[in-house]
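Okay, structure first, notes after.
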Amino acid sequence: MEGIKKALATYAISDLHGQYNMFLKLLEKVEFSDKDELYMLGDAIDRGPDGIKILKHVMNAKNMHFLLGNHEFMMLNGVAPDGSATVDYGKLPGKDSVLWVFRNGGNKTYFKYKLLKKDERIELLTWLRSCPLSTKVTVNGTTYILTHSFFKEDKIDVPYGEIDYQTAWDIVWQSPFRWDVYMDNKEYTTYEPWIFIIGHVPTCHADEAEGWRPLGIYLEDNIIDIDGCCAHYDNNDKYYKGGILLRLDDLKAFTITFDELEKRG
């Protein structure tokens with residue numbers, strides 16, 4: 001994926017968590033075309049209803065690129081590698097199956113996954129294993145590292161299938177904005193002037209001292225968080241949670257809250 005992008009515009013999005021309609025409306029909002037490029041920084045699945053639809057959309061689009069997040073990581077380490085599927089959620093064979101299905105909303109994804117034909121499941125798993133965890137792109141002279149959360153320089157643009165479990169775990173789980181799997185900002189700032197675009201932690205929670213904030217990016221040092229918190233919302237917070245689509249050409253963020261999505265129909 002590395003290289004100078006010659007697209008009309010280059011976008012990044014993350015943590016849609018099954019909100020396929022949100023994804024489509026954001027693409028519509030920026031008039032996304034086949035001349036543009038889009039990078040999705042993981043966590044397309046789980047909690048929301050249509051994660052499989054999002055994955056298949058990106059997989060089949062020539063100008064869209066996928067980077068695995070911790071939820072796709074859990075999925076790949078939860079389901080059977082050969083594409084077989086059991087109706088008993090408690091009998092999924094992978095080491096992360098319980099964590100995925102019963103604790104992180106993977107049940108909604110697995111329900112749709114097991115409805116696919118076996119060859120479709122194999123195609124999806126093969127594609128996901130071919131996707132990297134992070135990539136480097138240059139837009140208008142600025143170098144961006146796109147990743148779900150953390151990164152390792154020697155693993156940039158390396159397919160997930162070629163990375164060992166623990167290294168992949170470190171990359172998709174650790175964050176400068178999580179106390180429980182914390183990674184110091186210095187691990188990012190040492191690479192300045194590179195700019196890191198990440199997700200994983202919702203922007204409304206990235207700086208807890210700030211409390212409530214309107215939907216938008218969160219910037220700290222050379223790190224830009226674009227997780228708009230599609231994972232969890234209700235009637236009380238639907239006004240400031242939703243999707244964030246960031247245009248790398250000028251770092252302009254386009255947003256749609258769940259409240260706006262309801263009104264758009």
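The values are calculated or read from the model by the stated rules, or taken from the named source; none is laboratory data. Quantities reported herein were computed from a predicted structural model and do not represent experimental measurements. As a convention, Cβ positions derive from the backbone with ideal geometry for all residues, glycine included, and neighbour counts pool all protein chains shown. Note: accessible area is taken over every heavy atom of the protein model, side chains too, but ligands, DNA and RNA are not part of it. Shrake-Rupley method; radii C 1.70, N 1.55, O 1.52, S 1.80 Å.
Going through region 151-165 one residue at a time, which ones are surrounded by fewer than 18 Cβ atoms within 10 Å (Cβ to Cβ), in contact (Cβ under 8 Å) with a residue 40 or more places away in the chain and either touching a Cys at 6+ places or on another chain (Cβ under 9 Å) or more than 19 Å from Ser175 (Cα to Cα) (or both)?
Correct list: Asp157 only.
Test Ile223 against the criterion of being open to solvent by less than 30 Å² (accessible area, probe 1.4 Å), closer than 20 Å to Met40 by Cβ and either in contact with a Leu (Cβ under 6 Å, 6 or more places away or on another chain) or among the aliphatic types (A, V, I, L, M) (or both), and give yes or no.
When the stated conditions are applied, Ile223 passes them.
Exactly one condition in (1) more than 24 Å from Phe23 (Cβ to Cβ); (2) polar (S, T, N, Q); (3) surrounded by fewer than 16 Cβ atoms within 10 Å (Cβ to Cβ); (4) free of Cβ contacts under 8 Å to residues at least 24 places away in the same chain is not met by Ser97; state its number.
Evaluating Ser97 over (1) more than 24 Å from Phe23 (Cβ to Cβ); (2) polar (S, T, N, Q); (3) surrounded by fewer than 16 Cβ atoms within 10 Å (Cβ to Cβ); (4) free of Cβ contacts under 8 Å to residues at least 24 places away in the same chain leaves (3) as the failure.
Please work out if Ile217 is under 14 Å from the mean Cα position of the chain (by Cα) and of a type outside the set (Ser, Thr, Tyr).
No.
Out of Tyr239, Tyr233, report the one residue that is open to solvent by 60 Å² or more (accessible area, probe 1.4 Å), in a loop (DSSP other than H, G, I, E, B), among the hydroxyl-bearing types (Ser, Thr, Tyr) and in contact with a Phe, Trp or Tyr (Cβ under 6 Å, 6 or more places away or on another chain).
Testing whether each residue is open to solvent by 60 Å² or more (accessible area, probe 1.4 Å), in a loop (DSSP other than H, G, I, E, B), among the hydroxyl-bearing types (Ser, Thr, Tyr) and in contact with a Phe, Trp or Tyr (Cβ under 6 Å, 6 or more places away or on another chain) leaves just Tyr233.
So which of Asp34, Asp50 is over 17 Å from Thr126 (Cβ atoms) and crowded, with 19+ Cβ neighbours inside 10 Å?
Only one candidate passes the filter, namely Asp50.
Looking at (1) farther than 22 Å from Thr135 by Cα; (2) not in a loop (DSSP other than H, G, I, E, B), which is the one condition that is false for Met74?
Just one mismatch for Met74, condition (1).
Can you find a residue that is part of a loop (DSSP other than H, G, I, E, B), open to solvent by 10 Å² or more (accessible area, probe 1.4 Å), at pLDDT 95 or above and in contact with a strand residue (DSSP E or B) (Cβ under 8 Å, 6 or more places away or on another chain) anywhere in region 54-66?
yes
Condition first: open to solvent by 10 Å² or more (accessible area, probe 1.4 Å), hydrophobic (A, V, I, L, M, F, W, C) and assigned to a helix (DSSP H, G or I). Now tell me which residues in region 108-140 satisfy that.
Within region 108-140, Phe111, Ile122, Trp127 qualify.
Which number in (1) in contact with a Pro (Cβ under 9 Å, 6 or more places away or on another chain); (2) open to solvent by 10 Å² or more (accessible area, probe 1.4 Å); (3) in contact (Cβ under 8 Å) with a residue 60 or more places away in the chain marks the one condition that Thr143 misses?
Result: Thr143 fails condition (3) only.
Scan region 70-94 for residues that are of a type in the set (Val, Ile, Thr), open to solvent by 10 Å² or more (accessible area, probe 1.4 Å) and in contact with a Leu (Cβ under 9 Å, 6 or more places away or on another chain) and report the count.
Qualifying residue count, region 70-94: 1.
Test of understanding: among Ile171, Ile256, which residue is surrounded by 14 or more Cβ atoms within 10 Å (Cβ to Cβ), β-branched (Val, Ile, Thr), touching a strand residue (DSSP E or B) at 6+ places or on another chain (Cβ under 9 Å) and in contact (Cβ under 8 Å) with a residue 40 or more places away in the chain?
Ile256
Considering only residues of region 179-220 that are at pLDDT below 95, open to solvent by 60 Å² or more (accessible area, probe 1.4 Å) and in a loop (DSSP other than H, G, I, E, B), which is farthest from Leu261 (Cα to Cα)?
My answer is Trp179.
In region 23-46, what count of residues is obtained for those that are under 13 Å from the mean Cα position of the chain (by Cα) and either at positive phi or not in a helix (DSSP H, G or I) (or both)?
Final tally of qualifying residues: 9.
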